[in-house]
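Below is one structure, written out as structure tokens, with a few remarks after it.
The values are calculated or read from the model by the stated rules, or taken from the named source; none is laboratory data. Model, not experiment: these values are computed from the prediction. Methodologically, a virtual Cβ is constructed for each residue, glycine included, from the backbone with ideal geometry; neighbour enumeration extends over all protein chains shown.
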Amino acid sequence: MKIQAVELRVLKMRLLQPFRTSFGVQQDRYPLLVRLEIDGRSQWGECVAGEGPWYSYETVETAWQILKGYLVPAIIGREVADVDALETLFAPVRGHHMAKACIEMAFTGALAEHARKPLATFLGGVRDRVETGVSIGIQATVDELLDNIGAQLAQGYRRIKVKIEPGWDVTTIAAIRQRYPEITLMADANCAYTLDDAAHLAQLDQFGLLMLEQPLTAGDLVDHAALQRQLRTPICLDESIESAREARQALELGSCRVINIKPGRVGGFAESRRIHDLASKASAPVWCGGMLETGIGRACNVALATLPNFRLPGDISASDRYWAEDIVEPPFVLQRGGTIAVPTRWGLGVRVKVDLVERLTVRRELLR
Ligand code: NPG
């Protein structure tokens, strides 16, 4: 597989609703897309880095710089036989897993297409639809949140994740449980607490949450282990798990009982697979998170979520949850039982609407 050229683009896309987390509010998304030219064909990938260094130290700007300065020069004009070879070429660059992941995923899409298989089948997936939940940002009032949850349930979503932060946690979750006693519910703190909040967070145990996601700061596996010992609610780690190494350490230390795998966060599909297998061995379920992706990243997430140990619904909502018009065809739609169908065409499985991408592009560079 010869990588002849790589195009980088940043798009500007307006989210249908602003998304508020403990990091702040997001209204516009600036997805960084890569297009690999391999054997005369285009393969698209999406980088999940955010606009600022809140969720991760990586940003759209740093990813662009690392891609242009280091990762693309390492592969351009080269025969790259497989993902192992690609990972070896990227290994000298420390970290920057989001920048690496978009190339790795596009390259894997090319391999799947070459093998004449849908991405999910190529990765070893075992299902033709994936269960999906929805992630609801922090709202202005509890009533608004309750109405929003009602609307998502009416649409067919089966698992509700709400964002929490100090001041918007125990009483908010109590109100949700009172209105919706039976729903599958979880909370995501995006690193907003410290171990000093353990007794406060333990009050969440009474609400039967599916899990509490990333309560403490990202690098802190030791304090997460101490917190997990004080909670009945399973802790799920997201920001803390940048690669299989942290996954192994977290499982060994007891820092979590569940892992959120985002292929775009951990360096791509191969590293996701390693985390998936480690968790499987430790009898810890995994699920696929989301980063407000366009249909390109979503197609990757859907494919990954077909692996056997993805046993919990993902943050892989339908395209119309995010965008007035997605940049892929067909868009992802919510189907019976709160599921999304896995594309069956070879490779990525969806067609990129190049004209629309062109119109949304705010920055572009072709590297040869
Ligand atoms: O549906 O894609 C989605 C969003 C899911 O809540 C979600 N993502 O912390 O997992 C997260 C959160 C997030 C989104 C974080 C964007 C950072 C940026």
- Query: Counting just the residues of segment 172-183 that are under 15 Å from N148 (Cα atoms) and outside any helix (DSSP H, G or I), which one comes out nearest to the ligand (Cβ to nearest atom)?
  - Reply: I183
- So which pairs qualify, if the first residue must be in segment 344-368 and over 20 Å from F122 (Cα atoms), the second must be assigned to a loop (DSSP other than H, G, I, E, B) and basic (K, R), the Cβ gap must be under 8 Å, and the two must be at least 6 apart or on different chains? L360/K12; V362/K12
- Query: Quick check: anything in segment 302-317 in a helix (DSSP H, G or I), on the phi < 0 side of the Ramachandran plot, of a type outside the set (A, V, I, L, M, F, W, C) and in the same structural domain as G125 (by TED's automatic domain parsing)?
  - Reply: no
- Query: Restricting attention to segment 299-323, and to residues there that are aromatic (F, W, Y) and within 14 Å of the ligand (Cβ to nearest atom), which single residue is farthest from the chain's Cα centre (by Cα)?
  - Reply: W323
- Query: Out of segment 35-56, which residues are of a type outside the set (F, W, Y) and either more than 16 Å from the ligand (Cβ to nearest atom) or over 20 Å from the mean Cα position of the chain (by Cα) (or both)?
  - Reply: R35, L36, E37, I38, D39, G40, R41, S42, Q43, G45
- Item | Tally, over segment 17-30, of residues that are within 16 Å of the chain's Cα centre (by Cα) and away from the ligand (no atom under 11 Å from the Cβ) | 1
- What is the residue count in segment 272-289 for residues that are more than 15 Å from L251 (Cβ to Cβ) and out of contact with any helix residue (DSSP H, G or I) (no Cβ under 6 Å at 6 or more places or on another chain)? 3
- Note on segment 232-245: residues within 19 Å of the chain's Cα centre (by Cα) and away from the ligand (no atom under 16 Å from the Cβ) are S243, A244, R245
- Considering segment 127-151 alone, what residues qualify as being within 20 Å of the chain's Cα centre (by Cα) and either closer than 16 Å to R177 by Cβ or away from the ligand (no atom under 16 Å from the Cβ) (or both)? R127, D128, R129, I136
- Item | Residues satisfying the stated conditions in segment 258-293, i.e. touching a Gly at 6+ places or on another chain (Cβ under 8 Å) and in a loop (DSSP other than H, G, I, E, B) | K262, G289, G290, M291, E293
- Which condition breaks for I296 when tested against (1) in contact with a Leu (Cβ under 7 Å, 6 or more places away or on another chain); (2) over 24 Å from V170 (Cα atoms); (3) part of a loop (DSSP other than H, G, I, E, B)? (3)
- From M1, M13, grab the single residue that is surrounded by 14 or more Cβ atoms within 10 Å (Cβ to Cβ) and at pLDDT below 95. M1
